[in-house]
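The values are calculated or read from the model by the stated rules, or taken from the named source; none is laboratory data. Here the structure is a predicted model, which is why all the values come from computation and not from measurement. Cβ: placed from backbone, ideal geometry, glycine included. Neighbour counts: every protein chain shown.
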Amino acid sequence: MNKLTVKEEDGTNYSRLGGRALTSKIIHDEVPATCHPLGAHNKLIFATGLLTGSGASSADRYSVGAKSPLTGGIKEANAGGITGLTLGKLGIKALVFENIRDDFKIIHLSKDGVQFADATPILGKDLSETATWLRDSYGKHVAVWLIGVSGEQKMNLAAIAGQDKDGEPTRFNGRGGLGAVAGSKGIKAIVIDASGVEKNRPKDKERFRQALKQYHSWLMETPGTAKVLPELGTAALVETTNALGALPTRNFSIGSMEDYKNITGETLRKTIMERGGEGTPTHACMPGCIIRCSNVYVNKAGKKVTGPIEYENIGLLGSNLDISDLDDIAELNRLCNEYGIDTIETGGALGVLMAQNVISFGDAKAAIEALHEVKKGSPLGRIIGSGADIIGKIYGEPHVPTVKGQTMPAYDPRAVKGLGVTYATSPMGADHTAGQTVRVQINHHAPEGQVNVSKNAQTVNTIWDHLGMCMFSSGAVQNRWDILADLVSGYSGEPFTGDDMLKIANETLKLEHTFNRRAGFTKAQDKLPDYFYEEENKASKTVFDVPANELETIGVTRNDL
C-alpha cells in the first residue's frame, strides 16, 4: 500500500516552509538516508511554494522531493504550469507518499476527499495520449501529474510531468529520476479537481498589493524578463555560451559548435514565426506570467511538434550530440516528453553512447531510433534509461560528464567555472538550477571568486525554490529580499523578513548536506570528473582549476550572502 497524508505540525512550523524547504525538511527528518530509493522507506513529496496560487507572476511553481535513484542523495526538482497551483487551491500544502506497491493507480483529489482508480487503461501510453484520456475521463478542468513508460519501468532518467496552462503535460520535474520513485509507489497519475473551491486570497491585501506592484514593475523594467526571455526564451543563451566556449559539444569534449547559428534563440524564433500555424515563440506555462519564456515548435506545415524547446534541450540533445538541425532536436525533445524522461540526462546518455561509437555523432536518425528503445524497454532502452554514469561504466568510457551520477546541464564547467563549483558541491548533483552563475558579472574563465559566486547562487536559488517562484525573476529582484518577504507575509499572514528568507534557505542547504553525509557522501563526491581538470577545453582554452580547498568550504557555513 501507499499512504496519502496531510502533514500536521509536530514541533516544526511547517507553515513557514514551502517547496524545496518543505520537501527537504521532511526527507531529512523522516527518510533513512541509507534506504533504497525505490524501496518502502523512501518518501515522495509534492509541495507547493509559499507564493503558489498568490497571483504573483511566475510564482506558481512547486517542488517534488525524494531520495534520488540517480544520485543516491537527497533530490528536489521543481516545475511550473498549473498542477501545483491547482493543488494549492485545495488547501493542500504537501502530499507525502510512502511505501511501495506492485500495481498502478490513478489518485483523484478534490474537496470531497481522495479516491483511487485502476490505471491499467493508461499504462504504456505516451504522455499526450494519457493526459487526454484523463481529461476526457475526469473533466477538462482538472490538472494532472503523471509518469510515462520510463517511470513505469523505474528508469533512472524518469521524470514526473505536470500540465501547462493549455493542459499539455510538458512541465517536467525532470532531474534525479523522481519518476522512478513515483513508479515504485504505484503512482501513474494524480488528478486534481479544484471545482467548488474559492480562489486563494491574501491575508493582508494592502501589504500584498503594494509588494506585488513593486515586484511586477521590476519584471517589466528589467531587459532580461521584459524583452530577452519573452522574445527568445532560454535559447537566448546559445549565443552567450558558445562565445564563452561553454556550449557542450560532442559529449562535452569542446565548448563551441561550428554550426551553432542553426540552433540559436534567434533562429528558433525566426523558424517558428515563419512557419506560423500552431507555433508561438512566446508562451507562458503559468497563468499570468509576465516573462513568458516558453514556446511551441511546429513543423513546416505549421503543425505542433513539441514544446517547449529550452536551452538545456538544445545543448544536450543538439550540440552535445553534434546535431544542429532544429527539426531533429524537436523530435528528440518530443520523444523525451512523450516517454516522460529528463532531456538533460537523456542527452548525456546519448552523448556517452556516441563517444563509444554505439551511435555516431551527428546521426539524428540513430539517436531518434535509440529513444524508441526506451519505450520498448529493450536492453538498449534499459541501458539508456539507466543514465550516463552507468552507461560509462558499462562501456568503459572515462569521459562521462556527471557529478554524483547526474549529467551536467548545458554549460561546460571549464568555461563557466562558477557553475562547475555548483555541479561539484551542490547536494543535488550536477544541476544548474541549484546555483546558476552564468549571468553573474565575473570572468567566468578565471578561478578567482567562483566559490563565493556559487555559494551565493545556491542560497538564492533555494529561496526561489522555497517560494515557488521562477528563478528567471531573480535577475529583476536582485537581493531585495524585503519585497519578497512582504509578498509572503501579505499572502500567508505569517510574519517574514528578508533575513528570514536567507535563514530558511541556508538551513535547507545544511539539512540537504547532512542527509547526503548520512547517505555515505564524502568530499570525494564533491568534484568534477578528472578530465575536466586535466584536458583543456579548446574553445575556452581553460581547464577547471578552482582550488579543492576552496570547494571544501561549501556546506560548512552559509551565513555570508
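Is it true that some residue in the stretch 78-87 is without any contact (Cβ under 8 Å) to a residue 40 or more places away in the chain and either aromatic (Phe, Trp, Tyr) or surrounded by 24 or more Cβ atoms within 10 Å (Cβ to Cβ) (or both)?
Among the residues of the stretch 78-87, not one is without any contact (Cβ under 8 Å) to a residue 40 or more places away in the chain and either aromatic (Phe, Trp, Tyr) or surrounded by 24 or more Cβ atoms within 10 Å (Cβ to Cβ) (or both), which makes the answer no.
Which number in (1) within 27 Å of Ala211 (Cα to Cα); (2) buried (at least 21 other Cβ atoms within 10 Å of the Cβ); (3) within 26 Å of the chain's Cα centre (by Cα); (4) of a type in the set (Asp, Glu) marks the one condition that Asp486 misses?
(3)
Considering every residue within the stretch 419-437, establish whether at least one is buried (at least 24 other Cβ atoms within 10 Å of the Cβ) and over 21 Å from Arg175 (Cα atoms).
no
Identify, please: which residue in the stretch 513-546 is small (Gly, Ala, Ser) and assigned to a loop (DSSP other than H, G, I, E, B) and is, among those, nearest to the chain's Cα centre (by Cα)?
Ranking the candidates gives Ala519 first.
Please tell me if Thr132 is more than 20 Å from the chain's Cα centre (by Cα), of a type in the set (Val, Ile, Thr) and over 21 Å from Leu509 (Cα atoms).
It is true that Thr132 is more than 20 Å from the chain's Cα centre (by Cα), of a type in the set (Val, Ile, Thr) and over 21 Å from Leu509 (Cα atoms).
Considering every residue within the stretch 144-152, establish whether at least one is of a type outside the set (Ser, Thr, Tyr) and farther than 22 Å from Glu345 by Cβ.
yes
Give the stretch 364-388 a look and list any residue that's over 15 Å from Glu338 (Cβ atoms), in contact (Cβ under 8 Å) with a residue 40 or more places away in the chain and among the charged types (D, E, K, R), or say none.
The one that is over 15 Å from Glu338 (Cβ atoms), in contact (Cβ under 8 Å) with a residue 40 or more places away in the chain and among the charged types (D, E, K, R): Arg382.
Of all residues in the stretch 106-138, which are more than 21 Å from Leu95 (Cα to Cα) and either modelled with pLDDT under 95 or in a helix (DSSP H, G or I) (or both)?
Result: Thr120, Pro121, Ile122, Leu127, Ser128, Glu129, Thr130, Thr132, Trp133, Arg135, Asp136, Ser137.
Can you work out which of the residues in the stretch 447-482 that are acidic (Asp, Glu) and within 19 Å of Gly418 (Cβ to Cβ) is surrounded by the fewest Cβ atoms within 10 Å (Cβ to Cβ)?
Glu448
Before we move on, is Thr34 among the polar types (S, T, N, Q) and buried (at least 24 other Cβ atoms within 10 Å of the Cβ)? Write out each step before concluding.
Details: among the polar types (S, T, N, Q): yes; buried (at least 24 other Cβ atoms within 10 Å of the Cβ): no.
Criteria not met by Thr34.
Do any helices (runs of 4 or more DSSP H) entirely within the stretch 182-247 hold 1 or more residues that are among the β-branched types (Val, Ile, Thr) and crowded, with 22+ Cβ neighbours inside 10 Å, and if so, which?
Numbers: elements: 205-221, 229-232, 237-244.
Passing ranges, in order: 237-244.
At least 3 residues that are of a type in the set (Val, Ile, Thr) and modelled with pLDDT of 95 or more in each: list the helices (runs of 4 or more DSSP H) lying fully within the stretch 415-507 that qualify.
417-425, 450-467
Being surrounded by fewer than 24 Cβ atoms within 10 Å (Cβ to Cβ), of a type in the set (Val, Ile, Thr) and assigned to a loop (DSSP other than H, G, I, E, B) is the filter here, so list the residues in the stretch 347-401 that pass it.
Hits for the stretch 347-401 are Val358, Ile359.
Mind telling me which of the residues Leu321, Leu268 ends up being within 30 Å of Gln153 (Cβ to Cβ) and modelled with pLDDT of 95 or more?
Just one listed residue meets the conditions, Leu321.
Ser256 fails exactly one of the following numbered conditions: (1) within 18 Å of Val416 (Cα to Cα); (2) small (Gly, Ala, Ser); (3) not in a loop (DSSP other than H, G, I, E, B). What is the number of that condition?
Every condition holds for Ser256 apart from (3).
Based on what the data block shows, is Gly167 at positive phi and in a helix (DSSP H, G or I)?
no
Working only within the stretch 490-518, note down all residues that are among the polar types (S, T, N, Q) and buried (at least 21 other Cβ atoms within 10 Å of the Cβ). Talk me through it step by step, then tell me what you get.
First, the residues of the stretch 490-518 that are among the polar types (S, T, N, Q): 492, 497, 506, 508, 514, 516.
Selection gives Thr508, Asn516.
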